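Below is one structure; the comments refer to it alone.
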Amino acid sequence: MPKIHPSAIVENPANLADDVVVHPFAYIGPDVKIGSGTEVGIRATIKNKVTLGKNNKIFTGATIGENAQDIHFNNPQAEVVIGDNNVFRETITVHQPAKVGNTTKIGNGCYFMADAHVAHDCQFGDNIIMVNKSGCAGHVQVGDGALISGLVMVHQFVRIGAFAVIGGVSKATRDVLPYTMNNGNPALAFGLNLIGLKRSGMSPAERSAIKQAFQLFYLKDLATSKAIEAIQNELVPSLPEGSAERKRIEYLAEWLATSKRGFTFHASKKNEMPEEDIE
């Protein structure tokens, strides 16, 4: 049987694994499913249609599954799906999707620090960190291993690539390239997340291929479309078929080719930015 404090409210027919712990004054709605090993903190709220995997830790005052902050919201059966081994610190918020047929998704092993906000329709991968008071607006996509530092604001529909880092108090209005370090208002790319890539276990060959791609995209003075073509048609074929480094660059090439918002400028090209990005 779940261990539920007498002051907590768990509405039937909420589905809690036998070893779930629910602390005082928490609220869990009737459409919630919570996996084994999960702990729900004091005054935390999990409502509407939420599925939580195993071994998640939800701290004081966190809210998961609240209605989307969208003036046209009319999607009460929308679902939030969260994987395993995530940490949700004090007063974080994760909202329902606003668009019918969508889900708000969070993968495995993510860490959300106090007051972080994940808006409607966001899609998060695995092992992502959001630092205190950072926020992602609706439909933001965040790749595996990304780091969003404190007080960062991410514009709706922006994509943040795998292992990208956004420094504190930055504003991201364009897609943030995988593997890069970014900072500023608006965010600019300053280089590669070399320490993060190494810590993640990437081999020297993988890191070398990523450096070559970064140089092609940002440092060769190629038009964006030409840089993407060079990565797709020159760099990718030059790497051993089936190798880890080739897979890394294939992911990058596809990611670049599917951007709809454009990309963060390199810091050296700040003077070329459109005025609307600077305002």
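The values are calculated or read from the model by the stated rules, or taken from the named source; none is laboratory data. No experiment lies behind these values; they were computed from the predicted model shown. So basically every Cβ, Gly included, is an ideal-geometry build from the backbone, and we count neighbours across all protein chains shown.
Quick notes
- Within region 187-207, if we keep just the residues that are aliphatic (A, V, I, L, M) and closer than 25 Å to Glu241 by Cα, the residue that is surrounded by the most Cβ atoms within 10 Å (Cβ to Cβ) turns out to be Leu192.
- Where a residue in region 110-128 is closer than 11 Å to Gly145 by Cα and touching a residue at least 40 places away in the same chain (Cβ under 8 Å) and its partner, wherever it lies, is small (Gly, Ala, Ser) and part of a loop (DSSP other than H, G, I, E, B), with Cβ under 6 Å and at least six apart: Asp126/Gly107; Asp126/Gly109
So that you can scan it fast, the table gives a plain yes or no per residue for (1) farther than 16 Å from Gly262 by Cβ; (2) of a type in the set (S, T, N, Q); (3) assigned by TED's automatic domain parsing to the domain that holds Glu90; (4) out of contact with any Gly (no Cβ under 6 Å at 6 or more places or on another chain):
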{"residue": "Cys110", "(1), (2), (3), (4)": "yes, no, yes, yes"}
{"residue": "Asp115", "(1), (2), (3), (4)": "yes, no, yes, yes"}
{"residue": "His120", "(1), (2), (3), (4)": "yes, no, yes, no"}
{"residue": "Asn132", "(1), (2), (3), (4)": "yes, yes, yes, no"}
{"residue": "Ala146", "(1), (2), (3), (4)": "yes, no, no, yes"}
{"residue": "Gly150", "(1), (2), (3), (4)": "yes, no, no, no"}
{"residue": "Val165", "(1), (2), (3), (4)": "yes, no, no, yes"}
{"residue": "Val169", "(1), (2), (3), (4)": "yes, no, no, yes"}
{"residue": "Leu177", "(1), (2), (3), (4)": "no, no, no, no"}
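- Tally, over region 219-232, of residues that are modelled with pLDDT under 95 and crowded, with 19+ Cβ neighbours inside 10 Å: 0
- Boolean, Gly41 is modelled with pLDDT of 95 or more, buried (at least 17 other Cβ atoms within 10 Å of the Cβ), more than 18 Å from Ala114 (Cα to Cα) and in contact with a strand residue (DSSP E or B) (Cβ under 7 Å, 6 or more places away or on another chain): no
- Region 1-37, subset hydroxyl-bearing (Ser, Thr, Tyr) and outside any strand (DSSP E or B), residue farthest from Lys54 (Cα to Cα): Ser7
- Test: Ser149 is hydroxyl-bearing (Ser, Thr, Tyr) and within 17 Å of Tyr179 (Cα to Cα): yes
- Within region 90-103, at least one residue is hydrophobic (A, V, I, L, M, F, W, C), touching a Cys at 6+ places or on another chain (Cβ under 9 Å) and closer than 19 Å to Ser134 by Cα.
- Filter result for the condition that a residue is touching a Leu at 6+ places or on another chain (Cβ under 7 Å), in the same structural domain as His95 (by TED's automatic domain parsing) and within 19 Å of Glu90 (Cα to Cα), over Thr60, Thr45, Thr38: Thr38
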